[in-house]
Amino acid sequence: MRILMIAPQPFFEPRGTPFSILNRLSSLTRGPVEVDLVTYPIGRDPGIFGVTIHRSARFPGIKSVPIGFSVRKIVLDALLILKARSLLRNNRYDLVHTHEEAGLVGNWMAGHYGVRHLYDMHSNLLEQMRKSVFFRHGPLRWLGEKLQKSALRNADAVITICPELQHYVDRVAPTVPHVLIENTFDHFAETAEGTRDEVEKLGLEPDESVLLYAGTLESYQGIELVIDAAPSVLARHPRTRFVLVGGTPGQVRYYSARADAAGVGERFSFTGMVEAHAIPGFIDAATVLLSPRRRGTNTPSKIYTYLRSGKPMVATALETHTQVLTDDVAVLTPLDGEAFAAGINAMLDDPARRDAIATRAQAYAAEKYDVALYHDALRELYASLGAVDESNGRGDASDA
């Protein structure tokens, strides 16, 4: 069974959608599936058996791609479509599986070559447009809305990754088969052993409490909330280290300077980007896990990893979190530095409560977000589209 997957992302880089695409590929290729992945000429090959990566042409001067819509993305998307068309013209596929904005042209390409189309919706593209100065107003936003609704209404099936997106598809395209498959499967956590090499570079002391954030350092992630909370936390628990994993060099410099200006810089450690297989080591070293996101509706994929980790979590009480988290399995706080500090202090003050929340979180994840459900949902959707024989490979997927 041969799939053409179109991913308008730098693949692989350790950030949200590329992680989700990686997990899809890792799950799909446990069965009798071969995937040709068309992606940007940026990133590295994670080496998944059954996946052949085809990179679009390079464009002079473009060596990186920021998160969200940009002119760079438009240029790379055009080259990506040309590469995908070439593969469709020269090969036979059972299904075209598109991610993000590739879904806007997926129906046209799949229909032209007589192939079914699966649209994998990781975010509401209209929300991304609102964040971009270039796309925020005028005809481009109107065109984007028309294209997204058309993509949903004409796809053979749709995947959404969080309840908010599922509700959106219910409203816009209620007759189209669509399945909620949350990012509960983590390729690196399931297939690779974590390493503590990167953690050891930090020189953590045995008596230090470690507050960990792992992810990008984009503005919507709310890193400033952690910095604003730090003085109150350190006043009560001076032997606390804030460890922030991820971010570009420029972002690390910006937030390091902001922590210094707040007088707490010496208790902050910024690692920058690390290899994905190192993340489990940081989580293992953590006392409390943080998700201070201040904007957006998509559930961060890290939340599912946090739930399974056996470590307590403090997160902001926004829809991005509350569509998955409850007060029983996490400490949820208002979007305020002092409130976030109070949530952290509550965890550091009371080890028994900390352990109880972590235990409930693990049980909740095992009941509602078991990774076998992820594999089964993806395979059943593919089977409904005639892309795989559901009777083959189910044991491997279910036992993961």
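Bear in mind that the values in this text are calculations on the coordinates, not laboratory data. Model, not experiment: these values are computed from the prediction. Note that we place each Cβ from the backbone using ideal geometry, even for glycine, and neighbour counts take in every protein chain shown.
See the values below:
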| read-out | value |
| --- | --- |
| Computed over the stretch 179-250: relative contact order in percent, which uses C-alpha pairs under 8 Å that are six or more apart | 40 percent |
| Per-bin percent of Cα-Cα distances, the stretch 147-259 [5 Å] | 2, 9, 13, 13, 12, 12, 12, 10, 8, 6, 3, 0 |
| Relative contact order of the stretch 24-90, pairs being alpha-carbon contacts under 8 Å that are 6 or more residues apart, as % | 30 percent |
| Listed residues 60, 46, 300, most fluctuating in the chain (Gaussian network, C-alpha, under 10 Å) | 60 |
| Rg over Rh [alpha-carbon atoms, Kirkwood Rh] for the chain | 0.97 |
| Principal-axis tilt of helix 139-154 within the chain, Cα atoms, nearest 10 degrees | 70 degrees |
| Degrees between helix 223-236 axis and first principal axis of the chain (Cα, 0 to 90, nearest 10) | 20 degrees |
| Folded to 0 to 90 degrees: helix 249-261 orientation relative to the chain principal axis, Cα | 20 degrees |
| Cα convex hull volume per residue for the stretch 296-345 (Å³) | 71 Å³ |
| Rg in Å to one decimal, and Dmax rounded to a whole Å, for the stretch 1-143 via C-alpha atoms | 14.8, 46 |
| Projected-area average for the stretch 191-368 over all orientations - Cα convex hull basis, square nanometres | 9.5 nm² |
| Length-normalised contact order of the chain in % [C-alpha pairs under 8 Å, at least 6 apart] | 15 percent |
| Sequence-distant aspartates and glutamates (8 or more away, or on other chains) whose Cα lies within less than 12 Å of residue 83 | 36 |
| Signed unit charges on C-beta, dipole axis of the chain, positive-most listed residue 322, 363, 75 | 75 |
| Under 22 Å from residue 302, Cα to Cα: lysines that are on another chain or at least 8 residues apart | 311, 368 |
| Within a Gaussian network of the chain (alpha carbon springs, distance under 10 Å), most fluctuating of 31, 250, 222 | 250 |
